[in-house]
Amino acid sequence: MIKNNISLIKEKIALICAKIKRDPALIALVAVSKNRTLEQIKEVVDAGITDIGENKVQEALIKYSSVLGTPYAVRIKWHLIGHLQTNKARDAVKIFDLIHSVDSPRLAREIDKQAAKINKVQDILIEVKTSPEEAKSGLKPEEATEVIKEISALKNIKIQGLMTIAPLVDNSEKARPYFSQLKELLDNINAAHTTPQALQTLSMGMTDDFEIALEEGANMLRIGRAIF
Ligand SMILES: *Cc1c(COP(=O)(O)O)cnc(C)c1O
């Protein structure tokens, strides 16, 4: 079941990549396993997807600990896709390969501090709120460049790119402007040499809108329901 679902998603990614002339091998697929069991995660890894996304530190910590010492521990790359509270930064830095949800200098400084303690350079993405809905976390697009400049000076953090969550819409086509906005922001940041190295990763697109996100330049998709 999971294996078939993944094949189907990969076929769709390949189709779109052919259309927009991009290499499907460069599109990362993060399986979002929040509220899923360890058995389901293992099935995903066995099917060849080793990027695993969780939205809560506590839940991820339990899963991470359960695979420690098994071959899965070596293969899985853990992604934090949900909001991170400053007081959970210590645990987050211990287990996550990529934190997608950094949305303030304060949080970045705490991640930097905790990463320094364990001699780690923590890969992160900056979460940008491309939709004006108030409830969502993320930096405002107009403040992102300044904040990114500030965060990129931290020694134990490496900003790999940007992340956004498009608002819930009845038709995925309506999500397109949010994705193109994030791509434009990334291009502007890189054109202005805001960071020591150009930002590469654009984490955007979920089950309902990943095809649109891909067309708009996503190279990291976060997919839950379509897999499980
Ligand atoms: C749950 C979640 C996803 C995956 O959503 P699906 O619709 O299940 O594909 C992606 N990104 C974030 C931030 C999420 O919380």
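Below is a table of values for the structure above.
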{"read-out": "Euclidean distance of C-alpha centroids, region 172-216 and region 60-110, integer Å", "value": "23"}
{"read-out": "Segment Asp46-Ala116, length gained on full extension (0.36 nm per residue, minus Cα span)", "value": "21.9 nm"}
{"read-out": "Overall form of region 125-187 per C-alpha gyration tensor (a/c, 1.5; a/b vs b/c)", "value": "prolate"}
{"read-out": "Peptides 42-54, 162-174 ordered by average Cβ neighbours within 10 Å, highest first", "value": "42-54, 162-174"}
{"read-out": "Set of lysines near Lys149 by C-alpha distance (under 20 Å), chain-local residues within fewer than 8 positions excluded", "value": "Lys113, Lys129, Lys140, Lys158, Lys183"}
{"read-out": "222 nm mean residue ellipticity, helices alone, for the chain (DSSP H n ≥ 4; -39,500 (n - 2.57); rounded to 500)", "value": "-13000 deg cm²/dmol"}
{"read-out": "Shape of the chain, Cα gyration tensor, a/c cut at 1.5", "value": "oblate"}
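FYI, it's all coordinate maths here, none of it is from the lab. Just so it is clear, the model here is predicted, and its values are computed rather than measured. Cβ atoms come from the backbone with ideal geometry, glycine included; neighbour counts cover every protein chain shown.
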